[in-house]
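Each value in this text was obtained by applying a stated rule to the coordinates, not by laboratory testing. As the structure is a prediction and not an experimental result, all values here were calculated from the model. Don't worry about glycine lacking a Cβ; one is built from the backbone with ideal geometry, like all the others, and counts go over all protein chains shown.
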Amino acid sequence: MPLKEMEAKPLNRDHGYPLRVVVPGVIGARSVKWLEEINIIAEECQGFFMQKDYKMFPPSVNWDNIDWSTRRPQMDFPVQVKISGYAASGGGRGIERVDVSIDGGKTWMEASRYQKSGVPYISDHASSDKWAWVFFEVTVDICHSTEIIAKAVDSSANVQPEKVEDIWNLRGILNTSWHRVKVQASHSNM
Ligand SMILES: Nc1nc2c(c(=O)[nH]1)N[C@H]1C(S)=C(S)[C@@H](COP(=O)(O)O)O[C@H]1N2
Ligand SMILES: [Mo]
């Protein structure tokens, strides 16, 4: 579908003004910006980005042994999930960072943070916002059953502990251990 607007505003040059084609369900690389013409052709396009860029190779392939012709151009993308939540620390401390893992804590990515929708959060600005929840979100590809983990770091570098066992106490209070959510893939190809 042709696109002239983005988020209800006129499309800007960086994103393809005056005209961009958007291909739903397909990787962004195929949504051509600054569209000039469309050719209907019988053969697969031989352009650089179809033949020598967005293709998925197995782990054994590197820049020295790559043979581009052995794989198809990537068209669809895998299922994507938006992970969101809120973080808060005591005493008016800001939230320095929220880390999210989708492999049980082996690797982490940093979530984006905000308090007002669309306004990036700055953890050290002097404002009463620090006394309130900080929302976070990150979009990830998930293609098999896994465990999603989120942990926050506050402006004094306090970090949520990994396990409840590490902070066990008689009353069972202050259990701020990593929040874990198990996700079960339901598709047969996951
Ligand atoms: N004309 C043109 N369109 C293009 C590209 C390009 O280099 N030239 N890059 C593609 C790639 S690889 C991506 S990821 C998206 C990025 O779009 P965005 O800048 O709006 O996020 O544009 C796609 N469309
Ligand atoms: Mo891209």
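Quick notes on this one:
- Distance from the C-alpha centroid of the stretch 132-190 to that of the stretch 52-96: 20 Å, rounded to the whole angstrom.
- Stretch gain in nm, segment ILE167-VAL26, where the contour uses 0.36 nm per residue and the Cα spacing is subtracted: 46.2 nm
- With the cut-off at under 11 Å, measuring from each backbone N in the stretch 154-170 to a point 7 Å along the Cα-to-Cβ line of GLU147 picks out 163-164.
- Charge tally around ARG180: other residues with Cβ under 15 Å, Lys/Arg +1 each, Asp/Glu -1 each, net -2.
- Potential lengthening of the chain between SER156 and PHE48 amounts to 34.0 nm, from the contour at 0.36 nm per residue minus the alpha-carbon distance.
- With a cut-off of 9 Å between beta carbons, the residues surrounding VAL21 carry a summed charge of +3, where Lys and Arg count +1 and Asp and Glu -1.
- Put simply, the amide H of VAL32, placed in the peptide plane, has neighbours under 5 Å in VAL21, leaving out anything fewer than 5 places away on its chain.
- Taking 15 Å as the straight-line reach from the Cα of LYS33, the aspartates and glutamates in range (excluding those fewer than 8 positions away in the same chain) are GLU5, ASP14.
- Aspartates and glutamates with Cα under 18 Å of LYS130, excluding same-chain neighbours fewer than 8 positions away: GLU96, ASP154
- Sorted by Cβ density within 10 Å, fewest first, the residues SER60, SER177: SER60, SER177
- Listed residues ARG180, ARG72, ARG93, most fluctuating in the chain (Gaussian network, C-alpha, under 10 Å): ARG72
- Lysines with Cα under 26 Å of LYS182, excluding same-chain neighbours fewer than 8 positions away: LYS82, LYS106, LYS151, LYS163
- Packing rank of 153-165, 97-109, where each peptide gets the mean count of other beta carbons within 10 Å, highest leading: 97-109, 153-165
- Separation in nanometres of the label points that stand 7 Å from Cα toward Cβ, at HIS15 and TRP131: 3.7 nm
- Extension gain, HIS179 to VAL81: 0.36 nm times the residue separation minus the Cα-Cα distance gives 33.6 nm.
- Using a Förster distance of 30 Å, the FRET efficiency for TRP63-THR139 (Cβ separation, nearest 0.05): 0.60
- Normalised by residue count, the chain yields a Cα convex hull volume of 208 Å³ per residue.
- Mean residue ellipticity (222 nm) of the chain, computed from DSSP H runs ≥ 4 via -39,500 (n - 2.57), nearest 500: -500 deg cm²/dmol
- Once both labels are positioned 7 Å from their Cα atoms along Cα-to-Cβ, the gap between THR107 and TRP34 label points is 3.3 nm.
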